[in-house]
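Peer 1: Here's a structure for you.
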Amino acid sequence: LRVREALRASEPVEQVKVQGWVRSVRSQKEVLFLHINDGSSLESLQIVADPSLENRDLTFGSAVEVQGKLVKSPHKMQNMELKAETIRVVGPCDALLFPLKIKERHPLEYVRQFPHLRCRNNTLGSLLRIRSEATASIHSFFQDNGYVHIHTPIITSNDCEGAGELFQIGVSNEAKESAEKTHFFNVPAFLTVSGQLHLEVMAGAFMHVFTFGPTFRAENSQSRRHLAEFYMVEAELSFTESLVDIMQVMEDLFKTVTSTVLSKCPHDVELFHKYIAPGQKPENFVVPLIVIFKTFSFLLCSISYSEAVEILKQASQAFTFKPEWGCDLQTEHEKYLVKHCGEVPVFVINYPYDLKPFYMRDNEDGPQHTVAAVDLLVPGVGELCGGSLREERLSFLESRLQRLGLADTYQWYLDLRKFGSVPHGGFGMGFERYLQYILGVDNIKDVIPFPRFSHSCLL
């Protein structure tokens, strides 16, 4: 049995085998108590054994295999316990040298020094279970709503965002000599910053498509908000002319995944709110999360970019970056707007034309010229999702690409508008930022499995 299955058992079982790692050892004169965990739950399974089964290798951190009877526990704190008949130490552990110590609540900064061992820490174990459930829920949400999952390329020649913060692909030293005069792919190639443009290709044949994979940004920042490698959930919807349709999918995705995580990982989420974000009041996270996906509609709180700038200009708070129309909203601005709207998720729509990438649909308004773009801002984090209607009109797209000097580079993109183009739109959500929000974590590096290239430690 897995530990989770043993803890949930409703009836005793005569013969079971449980494998895992020792989380505590307590030897008394007449009884030996162990707690073992196999990663399937935050709670460990109590093992009750005869002291004669103890040996010197049975220490904190050691891997064991226990056989015996699963019985009802007399203690109120747990449902079942295992009466051991045999205990075999599969992998010993020197508890003195092991960096994680028994009964110590190690700070995240400490365990980040051991990326190869930190998954054995309770906090990281909870995080990985939450990530797993959230990942499965994201896929289920899209599958249940008729989306086709697309594996978009990781190596690409596209700079979707136009920011120029890309990791360029190079060959190893052994291959340099043969590649001196040419690129490996005959053109410069980069690690992807977004799968959006590839999804738009697929949206020309499928009504709804999505991708969920790694993306990369070469932004040389050591802040608590940035990662070189992170996961993005991206979707494209064909035959949609309304930004509200895109916003509704964002909202439904958020509510569905959050509901799943809170229902399937309640103890794991509680651990974060109790110990990792103790400075955050529980009502600022748990209560709004429950209310939001049951009763509150994000669409009720939607403001235009122009309205957002006016709110910021009238704020009594002093900002590091002065809010001006035509300038991007900074994180401090986004957090203030969320606070101004009552600490609930806020949609900001219709951004300046010159502020956004070429593929966003021209609103043809003036004198403040905007595009049909939307960002979803959430408490404590700022921007969580970003999306837009895509420019489906060939003449508009051709004109803008020519002005930007990109017409030749994106000729293939223009072809999508020449052959069966339809109104469409899409969005992307940063997965790690989503986890940051629902868990109240301050440092984004603490919601990834391996902080290998996070400027803090390498594996």
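Peer 1: Starting from residues that are within 14 Å of Trp21 (Cβ to Cβ) and surrounded by 14 or more Cβ atoms within 10 Å (Cβ to Cβ), keep the ones in region 89-117 and report whichever is farthest from the chain's Cα centre (by Cα).
Peer 2: Val89
Peer 1: Moving on to the next point. I want to confirm something. Restricting to region 59-83 and keeping residues that are among the hydrophobic types (A, V, I, L, M, F, W, C) and in a strand (DSSP E or B), which single residue is surrounded by the most Cβ atoms within 10 Å (Cβ to Cβ)?
Peer 2: Leu82
Peer 1: Same structure again: Going through region 312-355 one residue at a time, which ones are open to solvent by 40 Å² or more (accessible area, probe 1.4 Å), within 20 Å of Leu243 (Cα to Cα) and out of contact with any helix residue (DSSP H, G or I) (no Cβ under 7 Å at 6 or more places or on another chain)?
Peer 2: Correct list: Asp354, Leu355.
Peer 1: Pairs please, first residue from region 100-120 and closer than 18 Å to Val441 by Cβ, second anywhere and aromatic (Phe, Trp, Tyr), Cβ atoms under 6 Å, 6+ apart in sequence or on different chains.
Peer 2: Every condition considered, the pairs that remain are Pro115/Phe450.
Peer 1: Now a separate question. Would you pick out the residues in region 190-211 that are open to solvent by 30 Å² or more (accessible area, probe 1.4 Å), touching a residue at least 40 places away in the same chain (Cβ under 8 Å) and over 17 Å from Phe358 (Cβ atoms)?
Peer 2: Once the filter is applied, which keeps residues that are open to solvent by 30 Å² or more (accessible area, probe 1.4 Å), touching a residue at least 40 places away in the same chain (Cβ under 8 Å) and over 17 Å from Phe358 (Cβ atoms), region 190-211 yields Met202, Gly204, Phe206, Met207, His208.
Peer 1: Name the residue, out of Ser40, Ser52, Ser27, that is open to solvent by less than 50 Å² (accessible area, probe 1.4 Å), more than 14 Å from Leu70 (Cβ to Cβ) and in contact with a strand residue (DSSP E or B) (Cβ under 9 Å, 6 or more places away or on another chain).
Peer 2: The unique qualifying residue is Ser40.
The values are calculated or read from the model by the stated rules, or taken from the named source; none is laboratory data. This structure is a prediction, so every number in the text was calculated from the model and none was measured. Neighbour counts are summed over all protein chains in view; Cβ atoms, including those assigned to glycine, are modelled from backbone coordinates with ideal geometry. With ligands, DNA and RNA removed, areas are computed over all heavy atoms of the protein, side chains included. Shrake-Rupley method; radii C 1.70, N 1.55, O 1.52, S 1.80 Å.
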